[in-house]
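First the structure, in the form of structure tokens, and then the observations on it.
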Amino acid sequence: MKLGSVTYASAIIGALWGGLWMLITGILLMLVTGITAQPPMGITALIGAVSGLATVSFAPSMRTRQWKILRALCILAALMIFTFAMPFGATLSTGPIWNVIFTLVWVGVLSLSLDLCLNGYVGGATNRYRLEVLFLRVMKGVGFVLFSIFVLLPFYVMVMTSLKSQQSLMANPLDFSIDFAQGPSKLFRSYIELFTQYDFGTFLLNSAIVSVITVVITLALAVPGAYAVARLRFPGQAFLSRSILLIYMVPAIVLVIPLYAVFSQAGLRNSLLGLLVVYPATTIPVALYMLQGYFRGLPTELEEAGLMDGLRRVGVIMKITLPLSLPALASVALYVFMIAWNEFLFAFMFLDDFDMFTLSRGVVSLNSSEVPRQHLMAGAVVATVPVLAIFLWFERYLVAGLTAGSVKG
């Protein structure tokens, strides 16, 4: 390993974080405030490189809290000097409070990134393993930051657009700042009109009914089916276990045309009952696959003990297997609920009656030149927030259930 490899790496890492964070904070400044920013990425990359070199010039034991504060002050001073007190290409008199806030944010995240990446490293030679660990730290951090931006930025734009007025959108479509002085009634006008004029309350109720009933039907059929595949012995068991997910090899667009013809003749079109036929048919296979993997992971001795104590097979399932499978059941229920809540193709093809629309179908109905754009974004927020909240609340069950369903005991 060449002498000074950590030193060179620290300069590259500092330059990367300095330029990347300046680009991100500059974009956020424009989105939040509407100020036209021109982030000086070259200067901030140079400042970041020097900061990285300064970090590895001191032993890890010397990087105390006071040292980190002094480094942050030096970074701030260098930024203000080299940009002539225009850290984002605009004078501090243009939105002074926001300029100061985002400048301090840039200094803070740059300092934090350098500490996390260069923790335990000092300038000079090092072995290949430690250099690879340093590289992986940087790639992990950059990937996490970029992934978070790609996920959160569209959601932020969607929410901010829903809070704008038609006049402000026409004046500057790229200004996503919010005027909180206009009061709650004007700020949330799009949401109020969405439920009073566009009947979104009915769409919300329809989606809730369809999703909850789909979950109930799916679990009612998938639990005994998955238990039979996992525990009982019968001809064709292995083939059935492996072929559960074959239905997903057929694209939904191939099925929707014949189903449209059959449902039209059977009178199931323009009704929620038609969706309650299709949705469980598409969710039961994945529920079977997840649950049978979890059931196989449960100790058979517990069920055998229940049978020896006089319980029937149904009693064993109800009193032993299902209580032990609550994490898997919760994850399957959440997964099925999200599929039914967000499904669009079948709802679009089968529902023409406005009173039968689900949320996904109702949001598409807002995509019209006659409907203001902020109402469309408000509808998207209404469709996204409930399932997002439920997902975040039950995330640990979803991860546990997916992991358990992917291995065999």
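The values are calculated or read from the model by the stated rules, or taken from the named source; none is laboratory data. Since the model is a prediction, treat every value here as computed from it, not as a measurement. No Cβ is skipped: glycine too gets one built from the backbone with ideal geometry, and neighbour counts run over all protein chains shown.
For the reader, a short list of remarks on this structure follows.
- Residues located in segment 175-211, provided they are hydrophobic (A, V, I, L, M, F, W, C), over 20 Å from Phe354 (Cα atoms) and surrounded by 14 or more Cβ atoms within 10 Å (Cβ to Cβ): Phe176, Ile178, Leu187, Phe188
- Evaluated against (1) touching a Ser or Thr at 6+ places or on another chain (Cβ under 7 Å); (2) at positive phi, Ala85 falls short on exactly one condition, (1).
One line per residue, one yes/no per condition, for (1) farther than 30 Å from Ser177 by Cβ; (2) at pLDDT 95 or above:
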{"site": "Leu29", "(1), (2)": "no, no"}
{"site": "Thr33", "(1), (2)": "no, no"}
{"site": "Arg63", "(1), (2)": "yes, no"}
{"site": "Leu70", "(1), (2)": "yes, yes"}
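- Restricting attention to segment 360-372 and to residues that are touching a Gly at 6+ places or on another chain (Cβ under 8 Å) and not in a loop (DSSP other than H, G, I, E, B), the residue that is nearest to Leu276 (Cα to Cα) turns out to be Gly362.
- Annotation: of all residues in segment 268-301 being among the small types (Gly, Ala, Ser) and under 20 Å from Met318 (Cβ atoms), the one that is farthest from the chain's Cα centre (by Cα) is Gly297.
- Qualifying residues in segment 109-134 (those that are of a type in the set (Val, Ile, Thr) and touching a residue at least 60 places away in the same chain (Cβ under 8 Å)) - the one nearest to Ser5 (Cα to Cα): Thr126
- Some residue of segment 261-269 being assigned to a helix (DSSP H, G or I) and in contact with a Gly (Cβ under 9 Å, 6 or more places away or on another chain): yes
- Whenever a residue of segment 135-147 is assigned by TED's automatic domain parsing to the domain that holds Cys117 and modelled with pLDDT of 95 or more, it has no partner that is small (Gly, Ala, Ser) and exposed (fewer than 10 other Cβ atoms within 10 Å of the Cβ) lying with C-beta atoms less than 7 angstrom away and at least six residues away or across chains.
- Only residues that are without any contact (Cβ under 8 Å) to a residue 60 or more places away in the chain and either outside the structural domain of Ala347 (by TED's automatic domain parsing) or in contact with a helix residue (DSSP H, G or I) (Cβ under 9 Å, 6 or more places away or on another chain) (or both) were counted in segment 238-263, giving 9.
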